[in-house]
Structure formats: C-alpha cells, structure tokens
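The values are calculated or read from the model by the stated rules, or taken from the named source; none is laboratory data. Note that the coordinates shown come from a computational prediction; the quantities given were computed from them, not determined experimentally. Here the Cβ is made from the backbone with ideal geometry for all residues, glycine too, and neighbour counts use every protein chain on show. Each accessible area value is taken on the protein alone, full model and side chains, heavy atoms only, with ligands, DNA and RNA left out. Shrake-Rupley method; radii C 1.70, N 1.55, O 1.52, S 1.80 Å.
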Amino acid sequence: METAEKNSPLLTAIHSDLESLFYKRRQEGKTQNPSVYVDYGQRKAADESGAEYAVQIEQPIYFPGRKELKQLLVDNDSKIKEIQQIEAYNSIRLSSIKFAYRYLVAADKKNHVKERLKRLSLIENYIKARPFFTPQAKTDLYIIETKILALRKHFNDLQLGASKDYESLNLYLRQESIPKLKIPYYKGGIKFDLKELEKRAISQNPSILAAKGELDKARTELRLANLEKYPDYSITSQIGEDKSGVANRFYDFGLKFRIPVWDQFQNKVASAETNMKSKQDRLAYQENLIQTSFKQAYLDYEQAKMNLDLYDLNQLDRIDRDLNFADMEFKRGRIQLISYLELENQLHETHHAVLDAQISHLESLLNLLYITNEKDIIGVLGNASQTFEYQPK
C-alpha cells in the first residue's frame, strides 16, 4: 500500500490542486489595487492661457463581507478536494490489495492445473504402456487426450487472467519486475456491529461527505448572490491646479458606487437558490444510495463468511490426499478411469471453490471498508480470525 501511494500520479495531482487552491484563497484575500488618473492640458480664461493639471486616485473597496465569502468559497472547494484525496487514498490502498490477491490466487490456480496436467500425462503414458491395447484402453486414451486438451486451454486462460491481474496491480505499484508478494488466507471473517457500521457509513462515506461539501459551497454561493445587489464602492481623491486666468488649486474627496436600478440580480439569487435545493436533493439521494449499498455490501460479506466456513482451508490438504489415493488405486486397477476422472474433476472444482471463497471474502470485506471510509485497513484485516500464510504444495 505504501508503494502504491508513493507511485500514484493521481495523489500528486490532487495535492497540486490543493496547493493551487491555497494560493487562490490568499489571492482572494488581497486588497484591490488603486487606480491613478493623471490629467494635463491647456486652459484659457479671461484671455489668459495657462496649464492645467490634476492627479486623481481611486481606491476600490469590497462591500463588507464579500471578500470573506470569496475566501470561504475557496475553502469549500478545498474541503471537497480533500474529501476526493481521502477517497483516492482508500481506493488506491484497497485496489492494490485486491489485485495482489487476484494475481496470487490466479497463480495458485494455475499451478494446480499444471499439476493436473502432469498427473493426467502420467495416466496417459500408463495407458499407452499397457501390453494389450484393447478397445477399452483406446477409448480411455481418447478421453484422457481430450481432457488434457481442455486443461491446456484452461491453463492458458488462467495464465492470461494472472497476467491481466498483474497489469492491474502494477498500475498502482509501477514496478519494473514482478515483486515477491505474500498474502494471508483466512479461516474466518470478522463480526461487525451492524448498527455501528451503518452509522459510520452514513457519517464517513466519501460520497456523502462530498455531497455535504457541495451543499456548503451552494450556501456560500447563495450568500454571495444576495450581496450582489449591494455594490462595491470606491473612495476617490483628486488634487490639481489651474493656471489660466486667476490661478487656483483644488482638492476633492468623494465616494463612487453603482446604483442597482436596472439590475438587482434577482435572477442570480434565484439561480443560487435553485442550485442549493438541487444539492440538498443530491445529498438525500447519496444518503439513500449509501444506505442501500451498505446493506448489500454487508449481506455480501456475511455470505462470504459462510462460504469461507463451507470451503475451509483444510479442504486443500484433503484434495492432495484424495488425489494421491486416486492415483494409487487407479494404477492398481481398483477404480475405473471414468471414476478417477470424475473424482479428479470434482477435487479440482473444490480447489477453485476454496480459493474463490478467499477472494470473495477479501473483496466483500474491502468493499465494506471502502463504503465506511476505513483508513486502518491493515488493522481491520488483522482482526479476521486465524490468519496465516498458506503455501501451495
């Protein structure tokens, strides 16, 4: 997970967005620059000509509260971006774990099929080595050859699946070569407090937090829209001298502002109010959606725990034991080929079911952790009962 976080350009991009918003907030807090107007010319009065000059300074000032609301609007954007950052962190962590499991389980399945191919090849050679090649033996050989062909196709499919899972994993790890990975297999799941977990999902889920952030931003935009009818103003000051006729100097001070006669920004206020109502409805929808998604995820996890108990890891040792027994008894001629192949196929499906139960348990658990915005992923995984590393034989 640390490698995935460190190598993620998405996290770097979000961090840059947050840095950009930091500077934007500082900019919104700046005082507006003054304007300077310089005037020079000739004027004639009482048949006397003379120079006239004036300097005018204008300092624009925000209407009280407008600058603070603009800064608050940037703060709202920053809060939403921080929530996106949290969601990205958890998504990257959980996805790196999920694809690591998928890759290693696919590799385990592939090794199992490779052992099946070796086993059936030995049976094929055993049938060919019989001194009397009867029609029954020829039929058995055809069955074995067809079975081997199907298994090779299955092996190629697993090889492709493992390669694709590794590429998905390497999207997060960005490694030049396949790293050494170890994963725990689980004997039992975690017992959660349903009400407490659901409460956390509603209060901590990133989608809901983002919807709340959008609603806060809409409220700020409405407050800004209501201030539009109160214009910014400027303080002006002018100093000058007129040397035509009777020379005189002048100095004045004034206030400049727009009068909201033709446009009082009712449409902008109505638009902001409608937008806020939209964000409120979206928040309600997200809460309903997360409640449904959480209940489904919880049901998935409870079912995955049942399958974990049903296809427990002891089945893997039993499969090896039963296959060795079948090999020995077939070579002794005590069981027929059809019975041997049926048992071998059933044990193979059981092997896959055991590994699929591990994947289903892990992915349903990760989905539950994602919905509840759990940050201590490794800590929660460590709470699953009796974890250990299973090494395929």
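Some notes on this structure:
- Whole-percent carbon and sulfur share, accessible surface of segment 52-151, 1.4 Å: 57 percent
- GluC sites (Glu not before Pro) restricted to DSSP loop in segment 260-327 with at most 14 other C-beta within 10 Å: none
- Estimated from helical segments only, the mean residue ellipticity of the chain at 222 nm is -24000 deg cm²/dmol, where each DSSP H run of four or more residues counts as -39500 (n - 2.57).
- Nearest-ten-degree value, helix 66-128 long axis tilted from longest Cα axis of the chain: 10 degrees
- Rh by Kirkwood over Cα pairs, then Stokes-Einstein D for segment 135-236 at 0.890 mPa s and 25 °C, µm²/s: 111 µm²/s
- Each residue, Arg249 and Tyr142, gets one label point 7 Å from its Cα in the Cβ direction; the gap between the two is 12.1 nm.
- Selected from Lys212, Lys229, Lys128 as most flexible by GNM, with the chain as the system and alpha-carbon contacts under 10 Å: Lys128
- The 1.4 Å probe gives accessible areas that order Ile183, Ile235, largest first, as Ile235, Ile183.
- Cα centroid of segment 34-109 to Cα centroid of segment 212-252, whole Å: 20 Å
- Solvent-accessible surface of the chain, taken per residue with a 1.4 Å probe and all protein chains present: 59 Å².
- Set of lysines near Lys256 by C-alpha distance (under 17 Å), chain-local residues within fewer than 8 positions excluded: Lys229
- Among Leu289, Leu181, Leu171: highest mean-square fluctuation, GNM of the chain, C-alpha pairs under 10 Å: Leu181
- Pairwise FRET efficiency - Lys229 versus Lys44, Cβ, R0 = 45 Å, nearest 0.05: 0.45
- Translational diffusion of segment 80-120, estimated by Stokes-Einstein from the Kirkwood radius over alpha carbon pairs at 10 °C in a medium of 1.306 mPa s, is 128 µm² per second.
- Between Gln280 and Asp309, full extension at 0.36 nm per residue minus the direct alpha carbon distance yields a gain of 6.1 nm.
- For the chain, modelled as a GNM whose springs connect Cα atoms under 10 angstrom apart, the maximal fluctuation among Arg26, Arg174, Arg219 occurs at Arg26.
- Gyration tensor (alpha-carbon) shape descriptor, segment 103-186, a/c threshold 1.5: prolate
- In this calculation the C-beta distance from Tyr37 to Phe265 is compared with R0 = 25 Å, giving a FRET efficiency of 0.30.
- Surface accessible to a 1.4 Å probe, Met306 within the full protein complex, Å²: 120 Å²
- Cβ-Cβ distance of Leu299 and Asp356, R₀ of 22 Å, FRET efficiency by 1/(1 + (r/R0)^6): the value works out to about 0.75.
- Accessible surface ranking that places the most exposed of Val55, Val380, Val261, Val38 first, with a 1.4 angstrom probe: Val38, Val261, Val55, Val380
- Whole-angstrom gap from segment 277-335 to segment 121-150, using each part's C-alpha centre: 37 Å
- Compactness of segment 27-183 was expressed as the Cα radius of gyration divided by 2.2 N^0.38 Å, which yields 2.69.
- Rough spin-label spacing in nm, given labels placed 7 Å along Cα→Cβ, for Ile61 and Asp157: 7.8 nm
- In this label model, Ser121 and Ile202 are separated by 6.1 nm, measuring between points 7 Å along each Cα→Cβ vector.
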